[in-house]
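Here's the structure we're looking at; comments come further down.
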Amino acid sequence: MADTALTIPRRSPLSHAADRLAAATRTSGGAVRLAELPFLAQVNVRLDAKGAAADAVGLALGLQLPLEPNTVVRAGELTAVWLGPDEWLVVGPTGGQRDLESRIRAASGDEPVAVTDVSAQRTTLLITGPRARDLLAHGCPLDLHPRIFRAGCCAQTTLARTQIVLVARDEPKAGFWVLVRSSFADYLTDWLLDAAAEYV
């Protein structure tokens, strides 16, 4: 029997906003750059930070899980984001979530660990440019001065009353990741575009 199932192309939460984000980037004259980074692998990990599994998982991933609150560790294509004393978000390249899950589970052995693929839960906005901090400061309650919220920092916070995970990227001029729940992505994008109009 022939397979009659429809193949539906995968669409990111902000695929329809790509042109508007690109237009805001152009009209700002480089002051801010806005883009969606769709479909990043995102795996939530819960384990005892002082147990053997933490070191084993770090070795399996090629990066140590950050132990200092509100910090990020990056190695190659993977980024580990501290969410709590026993919780991290491991972010990797598109389509890598199953590999990440299996590596973490295998490394943890018999140690208690919770590994959950949350890739579909959030999308990621990239905000860069010399005015990126100013743009975020319009709606974020954190002190975003580079001496305080420096490269390699992260926080669970709000932006325009929307819960986000904010990551200050550590590559030169890499700006910020804003990880936002897919159901709030449209609202937050509209807010960012409106706030970015100041730089036109």
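The values are calculated or read from the model by the stated rules, or taken from the named source; none is laboratory data. Treat the numbers as computed from the prediction; the structure is a model and nothing was measured. No Cβ is skipped: glycine too gets one built from the backbone with ideal geometry, and neighbour counts run over all protein chains shown. All accessible areas refer to the heavy atoms of the entire protein, side chains included, with ligands and DNA or RNA removed. Shrake-Rupley method; radii C 1.70, N 1.55, O 1.52, S 1.80 Å.
Looking at the range 1-74, which trypsin sites (Lys or Arg not before Pro) are in a loop (DSSP not H, G, I, E or B) and have at most 16 other Cβ atoms within 10 Å?
The qualifying sites are Arg10, Arg11, Lys50.
Per the helix-only calculation at 222 nm, which mean residue ellipticity applies to the chain, given -39500 (n - 2.57) for every DSSP H run of n ≥ 4 and division by its residues, nearest 500 deg cm²/dmol?
Using -39500 (n - 2.57) per qualifying helix, the result is -8000 deg cm²/dmol.
Over the Cα atoms of the range 107-200, compute the convex hull volume and normalise it per residue, giving Å³.
Values: hull volume 11.8 nm³, N = 94.
Convex hull volume per residue, Cα atoms: 125 Å³.
How far apart, in nm, are two points set 7 Å out from the Cα along the Cα-to-Cβ line at Asp190 and at Glu171?
Between Asp190 and Glu171, the simple spin-label model gives 3.2 nm.
Any idea how far apart Thr94 and Ala75 come out in nm if each label point goes 7 Å out from Cα toward Cβ?
Distance between the two pseudo-spin positions: 2.6 nm.
With the dipole of the chain worked out from charges on the C-beta (+1 for Lys and Arg, -1 for Asp and Glu) around the Cα centre, which of Gly152, Ala53, Val115 lies farthest toward the positive end?
Farthest along the dipole direction, towards plus: Gly152.
Where nothing but the Cβ of Lys and Arg (+1) and of Asp and Glu (-1) is charged, how large is the charge dipole of the chain around its Cα centre, in debye to the nearest 20?
On the way: 20 positive and 22 negative charges, 103 e Å.
The calculated dipole for the chain is roughly 500 debye.
How large is the translational diffusion coefficient of the range 66-111 in µm² per second when you combine the Kirkwood radius over alpha carbon pairs with Stokes-Einstein at 4 °C and 1.567 mPa s? Walk me through the numbers on the way to the answer.
Working: Rh = 11.5 Å.
Roughly 113 µm²/s, to the nearest whole number.
Give the Rg/Rh ratio for the range 1-158, taking Rg as the radius of gyration of the Cα atoms and Rh as the Kirkwood radius, to two decimals. Walk me through the numbers on the way to the answer.
Working: Rg = 18.4 Å, Rh = 17.7 Å.
My calculation puts Rg/Rh at 1.04.
With the crude spin-label approximation of a point 7 Å out along Cα→Cβ, what separation in nm comes out for Asp86 versus Glu111?
Calculated label separation equals 1.3 nm.
Ignoring ligands, DNA and RNA, please state the percent of accessible area on the range 81-200 from carbon and sulfur, probe 1.4 Å.
On the way: 2910 of 5850 Å².
That share works out to 50 percent.
So what is the accessible area of the range 138-188 per residue, in Å², with the probe set to 1.4 Å?
53 Å²
Using only Cα atoms and rounding to the nearest 10 degrees, what angle (0 to 90) does helix 97-108 make with the longest principal axis of the chain?
Helix 97-108 and the main axis of the chain meet at about 40 degrees.
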